[in-house]
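Comments concern the structure below.
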Amino acid sequence: MAGRFEATAEINRPVEDVFAFLAEGTNDPAFSPRVQAITKTPQGPTAVGTVFTSTVRDAGMRTGRRFRITELEAPHRIRWTEISKNAVTADEGGYDLESTGPGTTRVRIFNVLEGHGIGKLLVGLALSAARKDAPAFGQRIKAAVETS
């Protein structure tokens, strides 16, 4: 079973600034409390093929996550896929950004979660938790970008 969750936020920053902040995946801990550490390979500007490796805390357990950037269209679109092997993975995810006026941006984040092995039993719980947190997640993104 796979499923999708998404969140949106209206951010009081120009679309180019929001894109730059979100494309630099090492900023994720600023809005995602589950991300405990994150690195980027290779160093330098994010590009298609860049891999972000993180340690996250999910349901009280630490797991390692690796995401590869699959699309990067400045300043409107970022896509990734999880390449790590975990019980539940984000097989597809991304940001869509739209300028909504001078200095304002609408951002939509989404992830498609997939269960593997025992994760097939857990993916429903993961989706439920992600969907419940989605509005707050969007607001955490807004706060992090606006204070950067």
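Output yes when any residue across segment 102-120 is assigned to a helix (DSSP H, G or I), without any contact (Cβ under 8 Å) to a residue 60 or more places away in the chain and not aromatic (Phe, Trp, Tyr), and no when none is. Break it down into steps so the answer makes sense when it comes.
First, the residues of segment 102-120 that are assigned to a helix (DSSP H, G or I): 119-120.
Narrowing the set further to residues that are without any contact (Cβ under 8 Å) to a residue 60 or more places away in the chain leaves 119.
Subsequent filtering for residues that are not aromatic (Phe, Trp, Tyr) retains 119.
Scanning segment 102-120 turns up at least one residue that is assigned to a helix (DSSP H, G or I), without any contact (Cβ under 8 Å) to a residue 60 or more places away in the chain and not aromatic (Phe, Trp, Tyr).
When residues in segment 78-88 are screened for being open to solvent by less than 60 Å² (accessible area, probe 1.4 Å) and out of contact with any Leu (no Cβ under 9 Å at 6 or more places or on another chain), 6 of them pass. For Gly124, state whether it is in contact with a strand residue (DSSP E or B) (Cβ under 8 Å, 6 or more places away or on another chain), modelled with pLDDT under 95 and in a helix (DSSP H, G or I). For Gly124, the condition - in contact with a strand residue (DSSP E or B) (Cβ under 8 Å, 6 or more places away or on another chain), modelled with pLDDT under 95 and in a helix (DSSP H, G or I) - is met.
Listed here are the residues, each with its yes/no results for (1) exposed (fewer than 15 other Cβ atoms within 10 Å of the Cβ); (2) at positive phi.
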position	(1), (2)
Ile69	no, no
Ala90	no, no
Gly101	yes, yes
Phe110	no, no
Leu113	no, no
Lys132	yes, no
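Residue-level check: of (1) touching a Lys or Arg at 6+ places or on another chain (Cβ under 9 Å); (2) open to solvent by less than 40 Å² (accessible area, probe 1.4 Å), Pro75 misses just (1). Within segment 115-130, restricting attention to residues that are over 16 Å from Thr8 (Cβ atoms) and aliphatic (A, V, I, L, M), which residue is surrounded by the most Cβ atoms within 10 Å (Cβ to Cβ)? Only one residue fits best here, namely Ala126. Inspect all residues belonging to segment 81-102 and state whether any of them is modelled with pLDDT of 95 or more, touching a helix residue (DSSP H, G or I) at 6+ places or on another chain (Cβ under 8 Å), hydrophobic (A, V, I, L, M, F, W, C) and under 19 Å from Ala129 (Cβ atoms). No, segment 81-102 has no match at all.
You will find that of Asp96, Asp133, the residue that is under 14 Å from the mean Cα position of the chain (by Cα) and over 14 Å from Val18 (Cβ atoms) is Asp133 and no other.
For segment 1-61, which fully contained strands (runs of 3 or more DSSP E) count at least 1 residues that are open to solvent by 20 Å² or more (accessible area, probe 1.4 Å) and touching a residue at least 40 places away in the same chain (Cβ under 8 Å)? Quick ask: steps written out before the conclusion?
Details: elements: 2-11, 35-41, 51-58.
The qualifying strands (runs of 3 or more DSSP E) are 2-11, 51-58.
The values are calculated or read from the model by the stated rules, or taken from the named source; none is laboratory data. All of these numbers come straight from a predicted model, not from anything done at the bench. Backbone-built Cβ (ideal geometry, glycine too); neighbour counts: all protein chains shown. Note: accessible area is taken over every heavy atom of the protein model, side chains too, but ligands, DNA and RNA are not part of it. Shrake-Rupley method; radii C 1.70, N 1.55, O 1.52, S 1.80 Å.
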